[in-house]
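Engineer: Dropping the structure in here first, questions after.
The values are calculated or read from the model by the stated rules, or taken from the named source; none is laboratory data. No experiment lies behind these values; they were computed from the predicted model shown. So basically every Cβ, Gly included, is an ideal-geometry build from the backbone, and we count neighbours across all protein chains shown.
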């Protein structure tokens with residue numbers, strides 16, 4: 001097994017040059033309409049890509065659709081800190097085989113330790129090639145978390161941050 005095979009086949013949300021260009025060119029608000037796809041959680045909750053009332057509705061819908069209502073207070077707290085001009089730091093979690101020692105760019109992550117534990121048990125228990133697994137955690141600024149507007153439990157990590165000179 002290669003050291004990245006544990007990542008599975010589907011790609012985690014991550015940094016986007018298209019989004020960076022939209023920010024530089026001053027049309028980040030049309031990014032989702034033009035490109036869809038991955039957005040940084042900071043910019044999304046700040047309202048860079050759609051009005052904040054539409055953001056609140058989309059987050060609420062996602063929480064309901066994925067039975068993730070336990071995540072809503074955390075998302076609300078992050079959004080409030082952003083509205084107050086802060087860049088919050090949060091703990092991210094990742095279930096990985098024992099041979100993995102760090103959360104890496106491009107990894108799927110979650111803000112819920114419980115979800116990471118459940119996912120690890122489901123993903124790695126009984127896999128004959130993986131000899132044990134554990135949960136990694138890391139404190140990161142919310143600017144390094146990416147979301148595809150799907151499950152609020154399944155986010156991406158990228159240490160590469162968007163430049164925000166024009167926002």
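Engineer: Going by the conditions given, is residue 87 modelled with pLDDT of 90 or more and not in a loop (DSSP other than H, G, I, E, B)?
Structural biologist: Judged against the criteria, residue 87 is not a match.
Engineer: Here's a check for you: in the stretch 108-124, which residue that is touching a strand residue (DSSP E or B) at 6+ places or on another chain (Cβ under 7 Å) and modelled with pLDDT under 90 is nearest to residue 57 (Cα to Cα)?
Structural biologist: So the residue we want is 119.
Engineer: Kindly indicate the residue of the stretch 130-158 that is outside any strand (DSSP E or B) and loosely packed, with under 14 Cβ neighbours inside 10 Å and also nearest to the chain's Cα centre (by Cα) among those meeting that condition.
Structural biologist: By that ranking, first place goes to 150.
Engineer: Here is a list: 127, 105. Which entry is out of contact with any helix residue (DSSP H, G or I) (no Cβ under 8 Å at 6 or more places or on another chain), surrounded by 12 or more Cβ atoms within 10 Å (Cβ to Cβ) and either closer than 20 Å to residue 71 by Cβ or at pLDDT 90 or above (or both)?
Structural biologist: 105
Engineer: Quick one: residue 142 ticks every box in (1) over 16 Å from residue 44 (Cα atoms); (2) touching a strand residue (DSSP E or B) at 6+ places or on another chain (Cβ under 9 Å); (3) in contact (Cβ under 8 Å) with a residue 24 or more places away in the chain except a single one, so which number is it?
Structural biologist: (1)
Engineer: So, one more: Can we say residue 120 is under 20 Å from the mean Cα position of the chain (by Cα), in a helix (DSSP H, G or I) and surrounded by 12 or more Cβ atoms within 10 Å (Cβ to Cβ)?
Structural biologist: yes
Engineer: Right, something else. Any residue at all in the stretch 36-44 that is free of Cβ contacts under 8 Å to residues at least 60 places away in the same chain, touching a strand residue (DSSP E or B) at 6+ places or on another chain (Cβ under 7 Å), surrounded by fewer than 21 Cβ atoms within 10 Å (Cβ to Cβ) and not in a helix (DSSP H, G or I)?
Structural biologist: No, that holds for no residue.
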